1. With the requirement that a residue be in contact with a strand residue (DSSP E or B) (Cβ under 9 Å, 6 or more places away or on another chain) and without any contact (Cβ under 8 Å) to a residue 60 or more places away in the chain, what does the stretch 80-93 give you?
2. Identify the residue in the stretch 53-74 that is touching a Gly at 6+ places or on another chain (Cβ under 7 Å) and part of a strand (DSSP E or B) and, among all such residues, is most open to solvent (accessible area, probe 1.4 Å).
3. Among the residues of the stretch 189-206, is any closer than 27 Å to G108 by Cβ, in contact with a Cys (Cβ under 8 Å, 6 or more places away or on another chain) and at pLDDT 95 or above?
4. Tell me yes or no: at least one residue of the stretch 15-27 is at pLDDT 95 or above, surrounded by fewer than 21 Cβ atoms within 10 Å (Cβ to Cβ) and either in a loop (DSSP other than H, G, I, E, B) or charged (D, E, K, R) (or both).
5. Here are D159, D77, D107: which of them is free of Cβ contacts under 8 Å to residues at least 60 places away in the same chain, open to solvent by less than 20 Å² (accessible area, probe 1.4 Å) and charged (D, E, K, R)?
6. If I go through the stretch 50-74 residue by residue, how many of them are within 15 Å of D16 (Cβ to Cβ) and in contact (Cβ under 8 Å) with a residue 60 or more places away in the chain?
7. Give me a count of the residues in the stretch 28-52 that are open to solvent by 40 Å² or more (accessible area, probe 1.4 Å), at pLDDT below 95 and either closer than 18 Å to L128 by Cβ or outside any helix (DSSP H, G or I) (or both).
8. Need the failing condition index for V97 against (1) open to solvent by less than 30 Å² (accessible area, probe 1.4 Å); (2) in contact with an Asp or Glu (Cβ under 9 Å, 6 or more places away or on another chain); (3) under 21 Å from G60 (Cα atoms); (4) among the β-branched types (V, I, T), just the number.
Amino acid sequence: MCASGQNKAGEREFFDKHAEAVSEYDVLSERTNRRLVQACLDRCRLEPGMRVLDLGCGSGIFSHLLSRHGMSVTGVDISPGLIDLGARLYPEVKFLVGDAEALPFEDGHFDCVFMGGLIHHFADPSALAGEVARLLRDGGSFFAFDPNRRNPFMWLYRDHDSPLYSSKGVTPGERPVLAEEVATIFAWAGFRISSEATSVEYRYAASLLMRLLLPACNLVEKVFLSPPFLGPFRAFVLTHGVKLARPGQVTQQT
């Protein structure tokens, strides 16, 4: 167990086994994936040829979509099994195995770091935030999305404090995030932060019960959580950060 609270060997073992059992690790609908990538392109002001790190890339679906928009993408994941799967599925992307808290790239190497469902794997993502800051050039951006602890379904199904918590399909260290906690940690690492909650559409869940409930969950997200005043309770937290030229200048915007 490292200082961040992540059991790296456990994470690696879990996702390696998952890679053996699936043809692709992709739990969100194709429409949601495209929308999230477009949000990253817009907020990070990406242009073709820019260097993007897909950190915690899994089997590479977001690396692939970013590459289709002309980005120079490197996908990194802790799981050799998922990296092998991604390399077979998307040969146009450079993939490598790595630890998100200690990566073999020079300072300021990337224009953007994309983190799809990564931050919530760390009980304390401070070291992750510091590494993302190191890897980005001044003025570079990160874009992240993670399960929202304030979403009723997320809390009931995936939060350790819930009486209905299910560990099926997740690692022990995963926990939905609170937007303000993520924002504070990355702000201290030297980013100007903005965040919001957004709805997503699922296409897969680990347990049979949740697979049966997915249509209802997707309907609730689309219809009942659409009013603006219910925005903070939508399924995922989107976090966008711009690296400040002077790390001591810490600002936070919500």
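1. I83, G86, A87, Y90, E92, V93
2. S72
3. Applying the first criterion (closer than 27 Å to G108 by Cβ) to the stretch 189-206 yields 189-195.
Next cut, in contact with a Cys (Cβ under 8 Å, 6 or more places away or on another chain) only: none.
Scanning the stretch 189-206 turns up no residue that is closer than 27 Å to G108 by Cβ, in contact with a Cys (Cβ under 8 Å, 6 or more places away or on another chain) and at pLDDT 95 or above.
4. Applying the first criterion (at pLDDT 95 or above) to the stretch 15-27 yields none.
No, there is no match, as no residue in the stretch 15-27 is at pLDDT 95 or above, surrounded by fewer than 21 Cβ atoms within 10 Å (Cβ to Cβ) and either in a loop (DSSP other than H, G, I, E, B) or charged (D, E, K, R) (or both).
5. Numbers: D77 fails: free of Cβ contacts under 8 Å to residues at least 60 places away in the same chain; D107 fails: open to solvent by less than 20 Å² (accessible area, probe 1.4 Å).
Of the residues listed, the single one that is free of Cβ contacts under 8 Å to residues at least 60 places away in the same chain, open to solvent by less than 20 Å² (accessible area, probe 1.4 Å) and charged (D, E, K, R) is D159.
6. 1
7. Number satisfying all stated conditions: 0.
8. Every listed condition holds for V97 apart from (1).
The values are calculated or read from the model by the stated rules, or taken from the named source; none is laboratory data. Just so it is clear, the model here is predicted, and its values are computed rather than measured. When we count neighbours, we look across all protein chains shown, and the Cβ atoms used for this are built from the backbone with ideal geometry, even at glycine. Surface accessibility is based on the protein's heavy atoms, side chains included, excluding ligands, DNA and RNA. Shrake-Rupley method; radii C 1.70, N 1.55, O 1.52, S 1.80 Å.
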